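Asker: Take a look at the following structure, please.
Where a number appears in this text, it was derived from the coordinates with a stated rule and is not lab data. Everything numeric in this text was worked out from a predicted model, so none of it was measured. Note that we place each Cβ from the backbone using ideal geometry, even for glycine, and neighbour counts take in every protein chain shown.
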Protein chains: 2
Amino acid sequence: MNKRLTLSLDAMGGDQAPRMVVEGIEIAADRLPEVDYLLVGDERRLAPLLDRFPKARAHAQIQHTEDAVADEDKAAVALRGGRNTSMRLAINAVAEGRADGVISAGNTGALMAMAKFVFKMLPGIDRPAIVAYFPTQRGASVMLDMGANVECDVENLVQFAVMGEVFARNVLGVKQPSIGLLNVGVEGGKGTDSLRKASAILRESVLPMKFHGFVEGDDIGEGTVDVVVTDGFTGNVALKTAEGTARMVGHFLRAALTSSTLAKLGALLAKDALNEFRSHMDPRRYNGAMLVGLNGICVKSHGSTDELGFANAIGVAANLIAGGVNERIKEDLERLISGGTSQDAAVL
Amino acid sequence: MNKRLTLSLDAMGGDQAPRMVVEGIEIAADRLPEVDYLLVGDERRLAPLLDRFPKARAHAQIQHTEDAVADEDKAAVALRGGRNTSMRLAINAVAEGRADGVISAGNTGALMAMAKFVFKMLPGIDRPAIVAYFPTQRGASVMLDMGANVECDVENLVQFAVMGEVFARNVLGVKQPSIGLLNVGVEGGKGTDSLRKASAILRESVLPMKFHGFVEGDDIGEGTVDVVVTDGFTGNVALKTAEGTARMVGHFLRAALTSSTLAKLGALLAKDALNEFRSHMDPRRYNGAMLVGLNGICVKSHGSTDELGFANAIGVAANLIAGGVNERIKEDLERLISGGTSQDAAVL
């Protein structure tokens with residue numbers, strides 16, 4: 001039997017909160033019987049919801065607060081003035097040892113600022129990053145940074161590679177994930193100075209890391225590597241471009257399959273296959289990004305997700321905790337620093 | 001009747017050259033009877049091809065050379081040693097007034113280096129950029145830079161906006177194209193310093209430019225703006241990510257529609273609609289990127305394109321020449337510099 005663990009949930013964050021949070025627990029309860037929940041939020045709204053969802057009720061207790069971070073709040077404002085918000089108290093619960101990890105579907109900037117303030121950084125990590133995972137032709141891959149750091153230097157990229165590899169092992173279940181640095185070409189001389197230096201360090205690293213080298217934008221959808229490492233600007237643009245392209249293709253497919261009676265009949269016959277196709281790329285299946293590099297497990301759910309997506313984010317958090325993701329990252333960083341080549345030591 | 005014009009073609013550049021070049025002329029000849037062609041390449045291979053394609057033969061003459069740039073040639077090497085290559089001689093023909101524009105499906109780096117060396121820059125432009133266009137939910141949009149400049153400053157971005165707008169007017173036929181700066185969020189404070197400064201300049205510009213502000217990655221596929229302005233690193237990653245995502249979605253759709261007898265039957269009934277869907281996003285329809293900012297018209301065709309794609313690149317070049325794209329860019333730049341706010345003048 002798996003060890004019991006507790007997740008603290010910002011019950012008020014997200015467009016469909018708190019309903020989708022409680023219903024997300026209800027869905028996750030069957031898959032993850034070893035998980036308990038600390039629901040931080042407005043008791044007057046949460047208690048009636050728990051009455052409707054018996055499995056959630058069996059696994060959750062409420063920590064009441066009336067305050068919540070708004071979507072439009074600036075991170076700095078939320079950090080200063082939001083000490084009694086559901087988001088902040090959910091983070092605090094982890095720092096106080098009452099929970100093993102926190103999940104929020106609320107304001108990303110506020111979550112990053114609060115989690116960084118409360119958890120602090122892992123030793124050896126300069127900046128936190130956001131790691132997301134997404135479908136590819138070969139299954140799924142992870143990418144970081146998705147937008148926490150607009151500009152990154154060599155050390156950041158090397159640290160992202162280490163953190164991304166550990167995340168991929170835990171969330172994708174790949175034994176030895178391959179790592180690629182996102183660039184405008186695969187040849188050695190391409191891209192910025194930082195990318196070329198980071199590539200040299202990763203290639204010579206003492207870690208048993210499967211470093212593939214540079215990858216290009218189309219390698220993301222191909223699934224050429226398990227972990228795509230990039231700065232937060234490029235990662236944010238790439239992931240959103242992929243989402244927008246998938247929606248555009250879906251839009252044209254729908255238009256085509258409703259363009260004539262024959263097409264509609266064809267779509268009806270192929271209904272099960274088309275549903276399977278849609279489900280394969282359903283963003284809810286890939287919901288749950290980690291704020292990695294912090295001395296505490298913090299998972300960000302998409303703000304617009306529903307209960308299925310939130311249940312998925314619960315699964316991601318449970319995997320990360322069970323796999324000891326932060327301990328693994330610390331071990332890898334120590335090996336990289338103590339056993340690295342002279343070049344590594346100079347940079348890290 | 002339209003004014004006659006001449007395009008010089010690097011007949012040896014591209015995976016399927018020279019056949020697809022000659023056959024591309026054959027296809028374009030019906031649509032563009034006013035265009036003549038200077039085919040620069042190996043006469044022993046070109047002459048027999050012209051015998052097979054009578055319309056191409058009627059509109060083309062051959063300039064013989066045995067030398068050609070190889071795909072793997074470094075730009076600097078091609079520039080120094082490639083003075084008799086089909087690519088270089090095709091560019092020279094424009095500089096010598098024997099043609100109005102050049103098209104090549106060969107080595108992009110070599111083409112950029114040679115065209116920059118022979119044509120020089122337009123007055124007021126610091127760096128050339130690559131402008132491509134692509135399908136969106138609302139039709140088509142253009143994006144620049146697609147990879148000529150890995151790092152860009154404020155002036156580059158502002159100049160890209162001016163050039164992209166003129167390109168969009170000519171190639172998309174939009175009267176007043178809207179312009180967006182690619183960023184990680186739409187709020188004013190997002191992104192790098194360069195992006196925020198470029199946004200301020202474009203917003204205050206004296207040009208009758210429809211500046212939308214910041215856009216995000218998913219706005220590319222949505223078609224939120226007609227012109228997406230970004231640095232060459234981000235643009236290259238975004239376009240390739242979109243291509244890779246479209247291929248991934250296509251891969252899953254094919255898998256779904258061949259997964260059962262019922263699905264296959266459905267796909268058969270919807271065949272015409274599915275073909276229409278595929279054709280809508282066929283990359284050949286969007287073949288023909290311009291190296292913009294140079295004092296000469298230079299169009300880059302995708303290296304792997306076939307005759308349909310090459311015919312499309314011919315159409316792009318003809319539109320750019322007929323629309324006087326470089327004259328329009330020069331006019332806009334002069335207005336921007338002479339009539340700009342004090343802030344513009346300081347930056348440009």
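Asker: What's the longest uninterrupted piece of chain B once you rule out the trypsin sites (Lys or Arg not before Pro) that are loop residues per DSSP with at most 16 other Cβ within 10 Å?
Answerer: Of all site-free stretches, the longest is B:176-348.
Asker: Measuring from a point 7 Å out along Cα→Cβ, what nm distances, shortest first, does A:Ala70 have to its partners in the other copies?
Answerer: List, nearest first: 6.5 nm.
Asker: A further question follows. Report, in debye and to the nearest 20, how large the dipole of region A:1-119 comes out about its Cα centre when Lys and Arg carry +1 and Asp and Glu carry -1 on their Cβ.
Answerer: Approximately 260 debye in magnitude.
Asker: Rounded, prolate or oblate for the protein assembly as shown? Axes are the square roots of the Cα gyration tensor eigenvalues, ordered a ≥ b ≥ c, and the cut-off for rounded is a/c under 1.5.
Answerer: Judged from the Cα gyration tensor, the protein assembly as shown comes out prolate (a/c at least 1.5, a/b above b/c).
Asker: Follow-up question, since we're still on this one. Given a Förster distance of 35 angstrom, what is the FRET efficiency for B:Val77 paired with A:Arg203, based on the Cβ-Cβ distance and rounded to 0.05?
Answerer: 0.85
Asker: In debye, nearest 20: dipole of chain B around its Cα centre with unit charges on the Cβ of K, R (+) and D, E (-)?
Answerer: So the dipole magnitude of chain B works out to roughly 480 debye.
Asker: According to the square roots a ≥ b ≥ c of the eigenvalues of the Cα gyration tensor, what is the shape class of chain A, taking rounded for a/c under 1.5, prolate for a/b larger than b/c otherwise, and oblate for the remainder?
Answerer: Cα axes put chain A in the oblate bin.
Asker: Taking the Cα centre of region A:1-119 as the origin and placing charges on Cβ (Lys, Arg +1; Asp, Glu -1), which of A:Ala68, A:Leu32, A:Gly106 is farthest toward the positive end of the dipole?
Answerer: Comparing the listed Cα positions along the dipole, A:Leu32 ranks first.
Asker: Place a point 7 Å from Cα of A:Glu276 in the direction of its Cβ. Which residues in region B:254-279 have their backbone N less than 11 Å from it?
Answerer: B:255-264
Asker: Now for a different question. Any idea what the dipole of region B:67-194 comes to, in debye rounded to 20, about its Cα centre with Lys/Arg Cβ at +1 and Asp/Glu Cβ at -1?
Answerer: Value, rounded to 20: 360 debye.
Asker: Which of rounded, prolate, oblate describes region B:223-348, given a ≥ b ≥ c as roots of the alpha-carbon gyration tensor eigenvalues and a/c under 1.5 marking rounded, otherwise prolate only if a/b is larger than b/c?
Answerer: prolate
Asker: Counting other beta carbons within 10 Å of each Cβ, put B:Asp306, A:Asp145 in order, fewest first.
Answerer: Least to most surrounded, the residues fall as B:Asp306, A:Asp145.
Asker: Going Cα to Cα from A:Lys197, which lysines come in below 18 Å? Please leave out same-chain ones fewer than 8 positions away.
Answerer: A:Lys210
Asker: Compute a Gaussian network model of chain B, connecting alpha carbons closer than 10 Å, and tell me which residue from B:Met20, B:Met248, B:Met209 fluctuates the most.
Answerer: B:Met248
Asker: Using a simple spin-label model with points 7 Å from Cα along the Cα→Cβ vector, what separation in nm is obtained for B:Leu265 and B:Ala95?
Answerer: Rounded to a tenth, the inter-label distance reads 6.6 nm.
Asker: Express as a percent, rounded to the nearest 5, the fraction of DSSP beta bridges in region A:56-212 (both residues included) that run antiparallel.
Answerer: 60
Asker: Hey, another quick one. What does DSSP give for the protein assembly as shown in terms of the percent of beta bridges that are antiparallel, rounded to the nearest 5?
Answerer: Bridges in the protein assembly as shown are about 30 percent antiparallel.
Asker: Let me ask something else. If each residue's Cβ is checked for other Cβ atoms within 10 Å, how do B:Ile337, B:Ile25 rank with the fewest at the top?
Answerer: Starting with the residue having the fewest Cβ neighbours, the order is B:Ile337, B:Ile25.
Asker: By Kyte-Doolittle mean hydropathy of at least 0.0 and Cα axial length of at least 18 Å, which whole DSSP H helices of chain A are selected?
Answerer: Span-like helices, by this rule, are A:19-31, A:154-171, A:232-257, A:307-322.
Asker: Another question, if that's okay. Quick one: label points 7 angstrom along Cα→Cβ at B:Arg44, distances to the other copies in nm, smallest first?
Answerer: Shortest to longest, the spacings are 9.1 nm.
Asker: Could you tell me what a quarter of the Cα convex hull surface of region A:1-119 works out to, in nm² with one decimal place?
Answerer: 6.9
Asker: First select every other residue whose beta carbon is under 15 angstrom from the beta carbon of B:Arg285; then total the charges, Lys and Arg +1, Asp and Glu -1.
Answerer: -2
Asker: In chain A, what % of DSSP beta bridges are antiparallel (nearest 5)?
Answerer: Around 30 percent antiparallel, to the nearest 5.
Asker: Between copies, how close do the B:Pro208 label points come, placed 7 Å along Cα→Cβ, listed in nm from shortest?
Answerer: So the distances to the same position in the other copies read 6.8 nm.
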